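Read the structure below first, then the notes.
The values are calculated or read from the model by the stated rules, or taken from the named source; none is laboratory data. The model shown is predicted, which means the values in this text are computed figures rather than measured ones. When we count neighbours, we look across all protein chains shown, and the Cβ atoms used for this are built from the backbone with ideal geometry, even at glycine.
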Amino acid sequence: MSSAPGGTPRPNGPRRRDRHGRGMRGPIAPSHVPIARSRSERFDDFVLDAVERLRPKWGDQLSAVEFAVEDVPPPDELIDGPGRLSPDPIPFGRAQQATAGSPAAVVVYRRPLEARARDRDTLGALVHDVVVEQVASLLGLSPETVDPGYDDRH
């Protein structure tokens, strides 16, 4: 046992209260409330929603496609240098064709999209557009074919 201030013995082990006597801090909101979800979890939900919106029409083609979220694109995907600049030098996503060792994949980059969005609704629309563009690239189709409403937003 160690001594607490004032000389009274205190048992060893986890403290039950913080140093100001208010007790242990817990979550601000219950886990089932939307505010309790992190930004990355909410972003994952936007990607899943976008994929689910495409499943009724493209479910068979998307059944073997893996969808993933990464925070930022890897350095080798960033376009820079003389003569290599494009209107969007930072990619928002990528599509990878299936190979012998891995299935086809669509990857969406979270941080560039969050930086571009004004609010939550805009972010959801941007994520949907990126998923549509990457699926279209993967399937060799135009984004308007994959999602007929795509042309109305652009």
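Assess whether D88 counts as being modelled with pLDDT under 95 and under 16 Å from the mean Cα position of the chain (by Cα).
no
Considering only residues of segment 108-124 that are aliphatic (A, V, I, L, M) and surrounded by 12 or more Cβ atoms within 10 Å (Cβ to Cβ), which is farthest from D44 (Cα to Cα)?
Filtering first and then ranking leaves A117.
For (1) loosely packed, with under 13 Cβ neighbours inside 10 Å; (2) in contact (Cβ under 8 Å) with a residue 24 or more places away in the chain; (3) in a helix (DSSP H, G or I); (4) among the hydrophobic types (A, V, I, L, M, F, W, C), each residue gets a yes or a no:
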{"residue": "D44", "(1), (2), (3), (4)": "no, yes, yes, no"}
{"residue": "A50", "(1), (2), (3), (4)": "no, yes, yes, yes"}
{"residue": "L54", "(1), (2), (3), (4)": "no, yes, yes, yes"}
{"residue": "W58", "(1), (2), (3), (4)": "no, yes, yes, yes"}
{"residue": "Q61", "(1), (2), (3), (4)": "no, yes, yes, no"}
{"residue": "A64", "(1), (2), (3), (4)": "yes, yes, no, yes"}
{"residue": "A68", "(1), (2), (3), (4)": "no, yes, no, yes"}
{"residue": "V72", "(1), (2), (3), (4)": "no, yes, no, yes"}
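Please find, within segment 95-145, the residue that is nearest to the chain's Cα centre (by Cα) out of those that are in a helix (DSSP H, G or I) and over 22 Å from P73 (Cβ atoms).
Only one residue tops the list, namely R120.
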